[in-house]
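*Asks:* Before I ask anything, here is the structure I am working with.
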Amino acid sequence: MLYQYELHKAKNVYMGMIQTESPYYYPQVQAPAPFNDALGVFNADPDFTNCQNGDGKCTESWALRIVSSDSIFVAGAGLYAWFYDKYSQACVDTQNCQRSMVSTYLSSHLWLYNIITIGAVEMLSPYGTDYTPALATDNTDSTGHPYWSIINAWLLQSSELDQSYSAGQTVAVASWVWDVPSLTVSCW
């Protein structure tokens, strides 16, 4: 209900080919219900107080939360939200079944590779940093249903949080990428 995967104060974790789907019963039950009384039992549980009242797409469970953690390597993730309200998949094509999928908060040395999302507005939400969320619409890699988005390498928090990034830094990309026809590559 609150999240499918959460790392809190974790260190040296490797996650390979994780996959999850948001619960299918939204918005009939919205987080943190029915666990309001249990919030705080685990220190890093999200309380969803950042969500505006009535914004059911914000109160959906996180696919992955990385909180106060260090040296986390994710080698592939399929994180999906297929429905919102009465099992309609219309939100898949508009990429707004839920607000966010992955939260990174006060963490460093994160290497996230091949992150694929379906149905989310924000693929990655780096809270506690100056970075803006990675939006699914900026990373869409399909031309029909189901519209899915991919980030091959998200390395913004691969170094210490206080490190500044400068133009001209090198990012390694797998050699097979250059053989893909009609490839578009971008960096922010």
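*Asks:* Counting alpha carbon pairs within less than 8 Å and at least 6 residues apart, what relative contact order, in whole percent, applies to region 3-179?
*Replies:* For region 3-179, the relative contact order is 21 percent.
*Asks:* Give a quick list of chymotrypsin sites (Phe, Trp or Tyr not before Pro) in region 64-122 that DSSP marks as loop, anything other than H, G, I, E or B, with at most 11 other Cβ atoms within 10 Å.
*Replies:* Here the chymotrypsin sites (Phe, Trp or Tyr not before Pro) that fit, given the DSSP loop and packing criteria, are Tyr87.
*Asks:* Can you list the HN-Hα couplings for region 58-66, worked out from phi with the Karplus curve (6.51, -1.76, 1.60; θ = phi - 60°), rounded to whole Hz and with x for Gly and Pro?
*Replies:* Karplus values, whole Hz, x for Gly and Pro: 8, 9, 9, 5, 6, 6, 8, 10, 10.
*Asks:* Send over the per residue convex hull volume for region 3-179, Cα only, as a whole number of Å³. Could the numbers behind the result be given before it?
*Replies:* Working: hull volume 22.3 nm³, N = 177.
Spread over its residues, the Cα hull of region 3-179 gives 126 Å³ apiece.
*Asks:* Right, another one. Going by how many other Cβ atoms sit within 10 Å of their own, how do Val102, Val13, Val41 line up, fewest first?
*Replies:* Ordered by Cβ neighbours within 10 Å, fewest first: Val41, Val13, Val102.
*Asks:* Out of the trypsin sites (Lys or Arg not before Pro) in region 51-86, which ones are loop residues according to DSSP with at most 14 other C-beta atoms within 10 Å?
*Replies:* Numbers: sites: Lys57, Arg65, Lys86; in loops: Lys57, Lys86.
When the trypsin sites (Lys or Arg not before Pro) of region 51-86 are filtered for loop state and at most 14 Cβ neighbours within 10 Å, Lys86 remain.
*Asks:* Quick check: the distance between the Cα centres of region 46-89 and region 98-115, to the nearest angstrom?
*Replies:* Distance between centres, Cα-based: 11 Å.
Rule-based calculations on the coordinates, nothing more; no lab input. Here the structure is a predicted model, which means the values were calculated and not measured. Every residue, glycine among them, receives a Cβ derived from its backbone with ideal geometry; neighbour counts consider all protein chains shown.
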